[in-house]
Amino acid sequence: MTDKIVVLVTCASAREAEKIGHALVEQGLAACANVIQSPVKSVYRWKGRIESAREFLMVVKTVRSRFVSLERTIKELHSYDVPEILALPVVAGSRSYLEWISESIGIPGPTIRKRA
């Protein structure tokens, strides 16, 4: 298990997802935010009714210690009353990529040494 998490967020538009993703990276709350440009079709229950909508999925890479601030920023910028914000643990990954995540959000870690 690592301290890294992947956060899934659906947004009403690609523009909204890009705006939120940019803010998260700029504020040092995420190393990367991928916005899937093709809309996904979501089916969900809202206020007692079955609804469906086209949404844009954002996949955010960060660490657990930044989740509370990340969630707060998403809620401030998101157009939904109840935005989807789901954090999934990263069980394992490429050591160099996991270190890059930490370094990108300002968390010092061991440097990667290349073999001669």
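Where a number appears in this text, it was derived from the coordinates with a stated rule and is not lab data. Computed from a prediction, not measured in an experiment: that's the story for all the values here. Every residue, glycine among them, receives a Cβ derived from its backbone with ideal geometry; neighbour counts consider all protein chains shown.
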Most mobile of SER96, SER104, SER79 in a GNM of the chain (Cα contacts under 10 Å): SER96
Considering only lysines 8 or more places apart in sequence, or on different chains, count the pairs in the chain whose C-alpha atoms sit under 26 Å apart. 12
With each label point set 7 Å from Cα along the Cα-Cβ vector, what nm distance links ALA12 and LEU77? 1.6 nm
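Starting from 0.36 nm per residue, how many nanometres of slack lie between ILE50 and ILE107 once their C-alpha separation is accounted for?
Here the segment from ILE50 to ILE107 would lengthen by 16.3 nm.
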Computed over the chain: longest principal axis from alpha-carbon atoms vs helix 14-26 long axis, angle to nearest 10 degrees, is 30 degrees
Could you give the angle, 0 to 90 degrees to the nearest 10, between helix 67-77's Cα long axis and the longest principal axis of the Cα atoms of the chain? 40 degrees
Using a Gaussian network model on the chain with a 10 Å cutoff between Cα atoms, which of ARG54, ARG64, ARG45 fluctuates the most? ARG45
Highest-fluctuation residue, VAL63, VAL25, VAL40 considered, GNM on the chain with Cα pairs under 10 Å: VAL40
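Can you compute the FRET efficiency between ILE36 and VAL91 using 1/(1 + (r/R0)^6), with r the Cβ-Cβ distance and R0 = 30 Å? Round to the nearest 0.05. Walk me through the numbers on the way to the answer.
Values: r = 22 Å, r/R0 = 0.74.
Once rounded, the FRET efficiency stands at 0.85.
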In vacuo Debye sum over C-alpha of the chain, base-10 log of normalised intensity I(q)/I(0) at q = 0.12, 0.13, 0.19 Å⁻¹, listed in q order, is -0.46, -0.53, -0.98
